[in-house]
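The values are calculated or read from the model by the stated rules, or taken from the named source; none is laboratory data. A quick note: this is a predicted structure, and the numbers were derived from the prediction, not measured. When we count neighbours, we look across all protein chains shown, and the Cβ atoms used for this are built from the backbone with ideal geometry, even at glycine. Ligands, DNA and RNA are excluded from the accessible area calculation, which covers all protein heavy atoms including side chains. Shrake-Rupley method; radii C 1.70, N 1.55, O 1.52, S 1.80 Å.
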Amino acid sequence: QEAVPNDRLAHLVRDTARAYTRALQARLAQHQVPFGHWAFLRILWHSDGLTQRELSVLAGVMEPTTFSAMKAMEALGYIERRQAPENKKNMYVYLTPKGRALQKKLVPLAEQTNQVSTQGLSAQEVQATRGVLLKLLENLAADEQSWASKAADKSV
């Protein structure tokens, strides 16, 4: 912070995200859960039985990354992959009891990471920060749509 006192907001957000990742990664490692599995587990805890493609989209990663993670998670006994009898093309991902049980162990670690990060902040400051970050995301999503529309117009 002292080295770059007027750092751009984008850099501060990126550095904060990296710090969150490192803090959660250290906690997950205590349970031998790779950080790369975290996003997929969170999604599956809420929406079990998705296709690998759907998981890729929701996690914001490329399909080969999802495929590799699913192979590893299957080997660890966290998930099982099945094809539906009526659709042999898609592979559906389901949590095993072992994968579902991780939720009770891992979610508190993420909550602890958030608590550590907000020490010394009032509830109002945390709420204001959430509001600001959500607005930043909204603005950037609108900007992305605008650029996509411009690109589509040029290709026509």
Point to revise | Looking only at the stretch 45-84, and only at residues there that are in a strand (DSSP E or B) and over 16 Å from the mean Cα position of the chain (by Cα), the one that is surrounded by the most Cβ atoms within 10 Å (Cβ to Cβ) | key: 79
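Pick out the one residue from 121, 106 that is open to solvent by less than 80 Å² (accessible area, probe 1.4 Å) and at pLDDT 95 or above. Steps first, answer last, please.
On the way: 121 fails: open to solvent by less than 80 Å² (accessible area, probe 1.4 Å).
None of the others qualify; the one that does is 106.
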Exercise for review: Looking only at the stretch 4-11, decide whether some residue is modelled with pLDDT under 95, part of a helix (DSSP H, G or I) and β-branched (Val, Ile, Thr).
Suggested key: no
Check your understanding: How many residues does the stretch 104-131 hold that are in contact (Cβ under 8 Å) with a residue 40 or more places away in the chain, out of contact with any Phe, Trp or Tyr (no Cβ under 9 Å at 6 or more places or on another chain) and not β-branched (Val, Ile, Thr)?
Key -> 3
Point to revise | Options 27, 100, 22; residue that is in a helix (DSSP H, G or I), within 30 Å of residue 125 (Cα to Cα), modelled with pLDDT of 95 or more and open to solvent by 70 Å² or more (accessible area, probe 1.4 Å) | key: 22
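Would a scan of the stretch 62-80 turn up a residue that is of a type outside the set (Val, Ile, Thr), over 18 Å from residue 38 (Cβ atoms) and touching a strand residue (DSSP E or B) at 6+ places or on another chain (Cβ under 9 Å)?
Yes, that holds for at least one residue.
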